[in-house]
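Everything on this sheet refers to the single structure shown next.
Nothing in this text is a laboratory measurement; each read-out follows from the coordinates by a stated rule. Since the model is a prediction, treat every value here as computed from it, not as a measurement.
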Amino acid sequence: MPYPPPSRIPAGTRRRSLLASAAGAALLAGCSGSSQDSGSTGGSPSVAEKARARAARDSAGLVERYDAAIAAFPGLAEHLAPLRAEVVRHTEAFGGVRKTTRKASPTAPPSPSAPPSAPADEKDALTGLADAERALSDRRTAALLEVPGELARLMASVAAAGAVHAYLLAEGAR
């Protein structure tokens with residue numbers, strides 16, 4: 001069986017055409033966004049904006065719980081500082097305001113997000129923080145199906161970090 005005669009069109013042209021059409025298709029696909037990823041419509045916040053704001057508030061509330069535990073048990077400050085710093089970064093990642101480390105003052109009124117009762121000892125404080133981290137991680141994991149791509153990835157990452165925090169806090173409480 002003889003080989004077919006060579007084509008009159010050089011092979012490079014076909015490859016270039018194929019690459020050009022693939023690049024064009026990629027550009028067109030990248031330019032079209034879904035309505036979920038776009039901003040708000042009609043003046044009401046989108047699902048993503050609401051979820052992001054809720055996540056920032058939840059993280060800010062968790063920072064306040066860390067602050068309350070550190071204020072009640074200064075001996076835990078060294079152990080809790082890295083975890084608290086991560087939660088501050090989570091707050092910022094969701095668009096929340098950065099909170100600086102607060103100095104505990106006996107006359108300062110409790111914040112509205114602080115737990116209603118102070119833990120009896122360091123073990124209870126760590127257990128309470130572990131429970132709060134675990135609950136927040138579970139809520140964020142459940143919310144993943146409701147938010148668009150990039151926010152879902154961020155929430156999944158922060159939920160995973162929260163689960164690790166819960167584990168470390170629970171281990172510290174033993």
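Details
- Sequence-ordered 3J(HN,Hα) estimates for region 144-154 from the Karplus curve with 6.51, -1.76 and 1.60 and θ = phi - 60° stand at 4, 6, 9, 10, x, x, 5, 5, 5, 5, 4 Hz, glycine and proline given as x.
- Long-range amide H partners of F94 with built H, under 5 Å: none
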